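In what follows, a single structure is set out as structure tokens and then discussed.
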Amino acid sequence: MVVITMDTGEVIKLELYPEIAPKTVENFEKLVKDGFYNGLTFHRIIRGFMIQGGDPTGTGMGGSKKTIKGEFDANGWLNPLSHTRGVISMARNGYSYNSASSQFFILASDYPYWDGQYASFGEVVYGMDVIDALVAVPVGAGDRPLDPPSIVTASFVAPEQ
């Protein structure tokens, strides 16, 4: 289980599904282990819909050094996890199915239109109230939060904690 601790002290707990998207989970877990997400922000927030983070530049244009194959139907990978409220999925650019790197998004509402187009790989098991608060923060142009919420740490914890 991955725990994201926000700058407010609130936490979001994520259960990851390696049986659904093994390379995506492996990549995400490595980034967590390496401390990659510590100090980054949620740089894109769409009110009532989703939060996106994992970009070290905070612009939506950055990522880690590695890209991975997209584990979703349009890219030849059966991924049955629907894009419903609380699901975490990898962001990618619109030009390449294999461009996912470190950016991810968490849905605050159902959006099955992305099923088969993005690699969903887990879900929020604690902290949906935090997600709900985040999707309500004031944003400016390009869905950029006026005061971007920060991830203090992303770390592992035993599932029963």
Condition set of a type outside the set (Gly, Ala, Ser) and more than 16 Å from the chain's Cα centre (by Cα), scope the stretch 130-142, selection surrounded by the most Cβ atoms within 10 Å (Cβ to Cβ): answer is 139
Please find, within the stretch 118-161, the residue that is modelled with the lowest pLDDT out of those that are out of contact with any strand residue (DSSP E or B) (no Cβ under 8 Å at 6 or more places or on another chain) and of a type in the set (D, E, K, R).
160
Inside the stretch 89-121, can you point out the residues that are of a type outside the set (D, E, K, R) and surrounded by fewer than 16 Cβ atoms within 10 Å (Cβ to Cβ)?
93, 94, 95, 96, 98, 109, 112, 113
Looking at 127, 70, 86 in this structure, which one is of a type outside the set (D, E, K, R), under 12 Å from the mean Cα position of the chain (by Cα) and surrounded by 17 or more Cβ atoms within 10 Å (Cβ to Cβ)?
86
Within the stretch 91-106, does at least one residue satisfy the condition of being touching a Pro at 6+ places or on another chain (Cβ under 6 Å), on the phi < 0 side of the Ramachandran plot, modelled with pLDDT of 95 or more and among the hydrophobic types (A, V, I, L, M, F, W, C)?
no
Per the list (1) within 17 Å of residue 25 (Cα to Cα); (2) without any contact (Cβ under 8 Å) to a residue 60 or more places away in the chain; (3) touching a Pro at 6+ places or on another chain (Cβ under 9 Å), residue check on residue 67 breaks on (3)
For the stretch 42-57, name all the residues that are open to solvent by less than 30 Å² (accessible area, probe 1.4 Å), farther than 14 Å from residue 90 by Cα and not aliphatic (A, V, I, L, M).
43
Scan the stretch 23-33 and give yes if some residue there is in a loop (DSSP other than H, G, I, E, B), open to solvent by less than 70 Å² (accessible area, probe 1.4 Å) and either closer than 16 Å to residue 156 by Cα or modelled with pLDDT of 95 or more (or both), otherwise no.
no
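The values are calculated or read from the model by the stated rules, or taken from the named source; none is laboratory data. Note that the structure is a prediction, hence the values are computed from the model and not measured. Neighbour counts run over all protein chains shown; Cβ positions are idealised from the backbone, glycine included. Remember, those area values only see protein heavy atoms, side chains included, never the ligands or the DNA or RNA. Shrake-Rupley method; radii C 1.70, N 1.55, O 1.52, S 1.80 Å.
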